[in-house]
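A short worksheet on the structure shown next.
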Ligand code: SF4
Ligand code: SF4
């Protein structure tokens, strides 16, 4: 059993089928993850309809389960049989391997190729941002887009901005603190922040600078998560190699890699060492830190400026699945509390998970998955909602009408920086 795409056995369809039957067998006996998503209930429903064991499942049954996994990773921390347990059970990576083997066999659709290129879409859309945003809100255009690409007409699409985050950095630069800095970071800003939420990147830079952290913004490409969503391991590996190439020299020079994106942080930390099995990949992974995790580290070292003139008040905070899967605790909550917020945490999946929910086949499942989160966010009724994931923010807005902030924006406001000229 392997989860390493660098090994030939990973790509062997017969070995994959054997591994799927073996792991499904354990899950059918256990059933602990039945409430987490639609993939597990589908597996149990199909096996119960036919017999008792995974041997009764055919290729269509297995594919149906794979289709319903949105790679939220929630089952991994819950499962008692993950490596180093002898059963070596990693359900999300098994699903990823099934998508990868299928993509190699049957190719990747036009829609998936398009969805996995946020930079191409962003580069084309940003200069025309007002027009693109208006079209994305237009029902007729969305119906046509759905017909041409299979992107569901109701799925919330992110807004574009004329000035991307990278363009803002090129215009403004970053400001080195006088004297010895409190820390040195390389910002992996993520393509979602670059094109769709540059205000999150600006807030990150300004909060870090306020805390006397030296910020480098190295050249970077999309982390590759959208490629993995459609099984394109080769493209994800190419992205990983490119990012490791620019990030590793900074790690060697003593910088920590800090990212505001939960899924992108998960990629750098957990997937890069599997995709690119080199010491450099492992060092990049070991030095990647979530943005709020980094700021809490500064706080624990007594280096965080705790003079917050504008205390945030009550905040309802959604903990994204890919942050939970990094097993780092509740650092964004803790940081907002340090800033004076009263935080209610909601640990429910929003159902978005990258590009999965955008597909016509999955949109309804995704909204159903997010239902409990939407209810909890509405019931909490705090004046501020927050989520670290820019795409989860859109899903929450779709489900509740409330648009959450990134926690770094809550901190940025608490410092009184939000109204200042950039
Ligand atoms: S992934 Fe693990 S915990 Fe979940 S159903 Fe399977 S065996 Fe049980
Ligand atoms: S990763 Fe998420 S969607 Fe996939 S099987 Fe696990 S809990 Fe379900």
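Any read-out appearing in this document is the output of simple, stated calculations on the displayed coordinates, not a laboratory observation. Note that the structure is predicted; figures quoted are calculated from it, not measured. Cβ sites come from the backbone with ideal geometry, for glycine too, and all protein chains shown count toward neighbours.
What FRET efficiency comes out for residue 342 versus residue 146 if R0 is 51 angstrom and r is the Cβ-Cβ distance? Round to the nearest 0.05.
According to the calculation, E is roughly 0.75.
Among 239, 39, 143, which one moves the most in a GNM of the chain with springs linking Cα atoms closer than 10 Å?
Of 239, 39, 143, the most mobile in the Gaussian network model is 143.
On C-alpha positions alone, give me the angle between the axis of helix 390-400 and the longest principal axis of the chain, in degrees, nearest 10.
So the inclination is approximately 80 degrees.
Is the shape of the range 297-422 rounded, prolate or oblate, going by the alpha carbon gyration tensor and its root eigenvalues a ≥ b ≥ c, with a/c under 1.5 for rounded and a/b larger than b/c for prolate?
In terms of gyration-tensor shape, prolate.
If each residue of separation counts as 0.36 nm, what is the full-extension length gain between residue 300 and residue 253 once their alpha-carbon separation is subtracted?
Full-extension gain reported as 14.6 nm.
Between the alpha-carbon centers of the range 254-310 and the range 87-108, tell me the distance in whole angstrom.
Distance between centres, Cα-based: 27 Å.
Please report 172, 359 as a ranked list, fewest other C-beta atoms within 10 angstrom at the top and most at the bottom.
172, 359
Which FRET efficiency value, to the nearest 0.05, do you get for residue 360 and residue 7 by plugging their Cβ-Cβ distance into 1/(1 + (r/R0)^6) with R0 = 41 Å?
0.75
Is the shape of the range 277-321 rounded, prolate or oblate, going by the alpha carbon gyration tensor and its root eigenvalues a ≥ b ≥ c, with a/c under 1.5 for rounded and a/b larger than b/c for prolate?
It comes out oblate by the Cα gyration axes.
According to the Cα gyration tensor, what semi-axes, each the square root of 5 times an eigenvalue, does the equivalent ellipsoid of the range 233-281 have, listed from largest to smallest in whole Å?
Here the semi-axes work out to 17, 14, 9 Å.
Give the angle, between 0 and 90 degrees and rounded to the nearest 10, that separates the Cα long axis of helix 139-149 from the longest principal axis of the Cα atoms of the chain.
Approximately 50 degrees, to the nearest ten.
On average over all directions, what projected area in square nanometres does the chain have, based on the convex hull of its Cα atoms?
Computed as one quarter of the Cα hull surface, the answer is 20.4 nm².
Obtain the radius of gyration and the Kirkwood radius of the range 1-68 from its C-alpha atoms and give Rg over Rh.
Computed over Cα atoms, the ratio is 0.98.
Which value at 222 nm does the chain reach when only helices count, each DSSP H run of 4 or more adding -39,500 (n - 2.57), with the total divided by all residues and rounded to the nearest 500 deg cm²/dmol?
Taken over the chain, the calculation gives -15000 deg cm²/dmol.
Given the chain, what percent of its DSSP beta bridges are antiparallel, to the nearest 5?
5 percent
How much length would be gained if the chain were fully extended between residue 30 and residue 403, taking 0.36 nm per residue of separation minus their Cα-Cα distance, in nm to one decimal?
Additional length available on full extension: 130.5 nm.
Could you pull out which residues in the range 32-46 have an amide N less than 12 Å from a spot 7 Å beyond the Cα of residue 85, following the Cα-Cβ vector?
So the set is 32-33.
Would you please classify the overall shape of the range 110-149 from the alpha carbon gyration tensor, given that a ≥ b ≥ c denote the square roots of the eigenvalues, rounded means a/c under 1.5, and beyond that prolate means a/b larger than b/c while oblate covers the rest?
It is oblate, given that a/c is not under 1.5 and a/b is not larger than b/c.
Can you tell me the 0 to 90 degree angle between the C-alpha axis of helix 233-252 and the longest principal axis of the chain, rounded to 10?
Tilt of helix 233-252: around 30 degrees.
Given labels modelled 7 Å from the Cα in the Cβ direction, how far is it in nm from residue 60 to residue 379?
Taking the simple label geometry, residue 60 and residue 379 are separated by 4.0 nm.
Compare 59, 314, 382 in a GNM of the chain, Cα atoms joined below 10 Å, and give the one with the largest fluctuation.
59
Set the Förster distance to 51 Å, then compute FRET efficiency between residue 109 and residue 307 from the Cβ-Cβ distance, nearest 0.05.
Efficiency, from the Cβ-Cβ distance: 0.45.
Test of understanding: in a Gaussian network model of the chain with alpha carbons linked when under 10 Å, which of 25, 412, 362 would top the mean-square fluctuation ranking?
25
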